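The values are calculated or read from the model by the stated rules, or taken from the named source; none is laboratory data. The shown structure was predicted, so the numbers you read here are calculated from the model rather than taken from an experiment. Every residue, glycine among them, receives a Cβ derived from its backbone with ideal geometry; neighbour counts consider all protein chains shown. Remember, those area values only see protein heavy atoms, side chains included, never the ligands or the DNA or RNA. Shrake-Rupley method; radii C 1.70, N 1.55, O 1.52, S 1.80 Å.
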Amino acid sequence: MTKKTKKPNQSLKIPKIILVVGQFLSFISTKLTVLFAARLFTSPIKHKIPKRELEMDRNSRQETLTIPSIQKSIVAYHSGSSLKKILLVHGWSGRGTQLVKFAEAFQKLGYQIVSFDAPAHGKSQGNTTLLPEFIASIIEIEKHFGPFEAAVGHSLGGMALLNAVKDGLQIKRLTIIGSGDIVKDIMDDFVKKLELHPKISDMLRIHFEKKSNRTMDSYSSFHAAAEITIPVLVIHDENDDEVPVSCAHHIHQNLKNGELMITQNLGHRKILGDAAVIQKTIQFTTS
């Protein structure tokens, strides 16, 4: 019997119209091409909240919180009244309710859950955002709802939490799931998917650095990992076709106090509902 081959994940397929526009602009103007790529790179997709997250959405207390450092507002979610608090941070194009299975598991143990829709995500206002705004949101969330016992972050949320801890977020333990690592690799991959010349990636990096007065590489996860001392659990799927598993190994290698869990056949998002992953996170956080 022939073993069926898994179909590749199509969630990252770029619409043809975008590829055509990108190619057209590349013939006209490099500057316009960079601005086009920058807009796409900073524009998350707002997905409709799935049924599995509706109960968390209904039962959470929600409020709008202004982030002075970036002059933007986010919607924060919190449930429970315990002084023991867990912060959950979603990834790119995610929502504050996306880590619902983790929220339910921690609530059963008596924890208060705090999460948020990052700028331009979920119910938060705006159309564009970037990693530094995730980090700024986390720091502001701590001021209003902290202190937190621990935090769990998915994908870009994991990168943001590593950087936030480096920048002063006070937590005892951190779990990151499917997190990216080197910013240059992320930008190179993005430009490749747009079928643009590789030089656009470097120009895109320079474009963002001029705006932030900070190198993009300084946000890379492995740099933050090397500077923090709290225990960090790194979880990643071997078959993640959005963020390569090599990211997890490199982050783990740079941690002073790290633990690594590699799963199979869960991909980039299914991993968030896996019972073994949730149990391992609970065990690590409460040990």
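A few points about this structure:
- Selection status of Gly158, on the phi < 0 side of the Ramachandran plot and surrounded by 24 or more Cβ atoms within 10 Å (Cβ to Cβ): yes
- Among the conditions (1) in contact with an Asp or Glu (Cβ under 6 Å, 6 or more places away or on another chain); (2) within 30 Å of Lys16 (Cα to Cα); (3) not β-branched (Val, Ile, Thr), the only one that Lys199 does not satisfy is (1).
- Residue match in the range 62-75 (condition: over 21 Å from Phe148 (Cα atoms), among the basic types (Lys, Arg), touching a Ser or Thr at 6+ places or on another chain (Cβ under 8 Å) and crowded, with 17+ Cβ neighbours inside 10 Å): yes
- Single unsatisfied condition, Gly110 versus (1) in contact with a Gly (Cβ under 9 Å, 6 or more places away or on another chain); (2) buried (at least 18 other Cβ atoms within 10 Å of the Cβ): (2)
- Residues of the range 18-54 classified as part of a helix (DSSP H, G or I), open to solvent by 60 Å² or more (accessible area, probe 1.4 Å), closer than 20 Å to Thr128 by Cα and of a type in the set (A, V, I, L, M, F, W, C), total: 2
- A single entry from Leu87, Leu83 fulfils the requirement of being hydrophobic (A, V, I, L, M, F, W, C) and open to solvent by 50 Å² or more (accessible area, probe 1.4 Å): Leu83.
- Residues that are closer than 24 Å to Glu242 by Cα, in a helix (DSSP H, G or I) and not aliphatic (A, V, I, L, M) within the range 81-106 comprise Lys101, Phe102, listed in sequence order.
- Any hit, the range 24-33, residues being within 24 Å of Gly180 (Cα to Cα) and either touching a residue at least 12 places away in the same chain (Cβ under 8 Å) or touching a Cys at 6+ places or on another chain (Cβ under 7 Å) (or both): no
- Residues being open to solvent by 20 Å² or more (accessible area, probe 1.4 Å) and either closer than 26 Å to Ser81 by Cα or of a type outside the set (Ser, Thr, Tyr) (or both) - total across the range 114-130: 6
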